[in-house]
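Chemist: Could you have a look at this structure, given as structure tokens, before my questions?
No lab work stands behind these numbers, since they all come straight from the coordinates. Keep in mind the model is a prediction, meaning the values are calculated, not measured. Every residue, glycine among them, receives a Cβ derived from its backbone with ideal geometry; neighbour counts consider all protein chains shown.
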Amino acid sequence: MVNIPGTQLISKNTLGVAYLIFLLYLFLGISIVADIFMEAIEEITSKVEVMIIEDKLTGDMVEIEKPVWNATMANLTLMAFGSSAPEILLSVSEACQSLGKPASPLGAATIVGSAAFNLMVISAVSVAAINSQDADGNWETKHIDDMGVFATTGFFSIFAYVWMAYVLIVNTKDEVSREEAYWTFGFMIILLIVAYFFDKVNQRKKDTQNEDERRNDFDR
């Protein structure tokens, strides 16, 4: 597949090693670009604005820092796009090269493989890596901070596979119609709306608990 004069005269073992080294070199380049892209996104999402509000307990004016970006929305949009940029670009490139021809399995396999890897491998490694032992040698258990958002993303993660199977096997076999593409994009918007709603509900509960604790401490 590499049209270089004299390539056919080189043994397959030598070519295999050369191609492997070149492939690792490409992986290194992709990792550098993706790392820079993620750093830029983290810089954008870490922006805060200073607000002056009145303390309800003391009546004093205090300064607080409020994030410009909602953390849940940033994770589901910018951060997700940044981490999935390589396979998205690969799928788009493959689709553009095969216009008018049957699509190759590369695009779908890349997206599904990446999502499955994130859902299974990265989740498992992250949980295993952050576990720690206390002074008594007991393992510390990590708890989900916002079960509403977690349940929403978990449901849509499974629903995405079910929807894709329905589109490609049941509804329009081996094809994706324009209407199905619109519906797929719409499901993403629904995901963001539902996740944002649960995030706000959880944040309001936290604010109420913190306010009650401060009021109790103030009364004491």
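Chemist: Kindly provide the Kirkwood hydrodynamic radius of the chain in Å, to one decimal, from all pairs of distinct alpha carbon atoms.
Modeler: Here the Kirkwood hydrodynamic radius works out to 22.4 Å.
Chemist: Restricting attention to region 138-187, which trypsin sites (Lys or Arg not before Pro) occupy a DSSP loop and are surrounded by at most 14 other Cβ atoms within 10 Å?
Modeler: K142, K173
Chemist: If neighbour count is taken as other Cβ atoms inside 10 Å, put T208, T172 in order from fewest to most.
Modeler: Ascending Cβ contact count within 10 Å gives the list T208, T172.
Chemist: Could you tell me how many degrees, from 0 to 90 and to the nearest 10, lie between the Cα long axis of helix 147-165 and the main elongation axis, the longest principal axis, of the Cα atoms of the chain?
Modeler: 20
Chemist: What relative contact order, as a whole-number percentage, does region 80-220 give when Cα pairs under 8 Å and 6 or more residues apart are counted?
Modeler: 16
Chemist: Based on DSSP H runs of at least 4 residues, each adding -39500 (n - 2.57), what is the mean residue ellipticity at 222 nm of the chain after dividing by all its residues, to the nearest 500 deg cm²/dmol?
Modeler: Helices in the chain give a 222 nm mean residue ellipticity of -21000 deg cm²/dmol.
Chemist: If you fit an axis through the alpha-carbon atoms of helix 106-116 and take the longest principal axis of the Cα set of the chain, what angle between them do you get, 0 to 90°, nearest 10?
Modeler: Value to nearest ten degrees: 30.
Chemist: Within the chain, how many lysine pairs that are 8 or more places apart, or on different chains, have C-alpha atoms less than 16 Å apart?
Modeler: Final tally of qualifying lysine pairs is 4.
Chemist: Order these peptides, 88-95, 148-155, 43-50, by their mean beta-carbon neighbour count within 10 angstrom, highest first.
Modeler: Answer by packing, highest mean first, reads 148-155, 88-95, 43-50.
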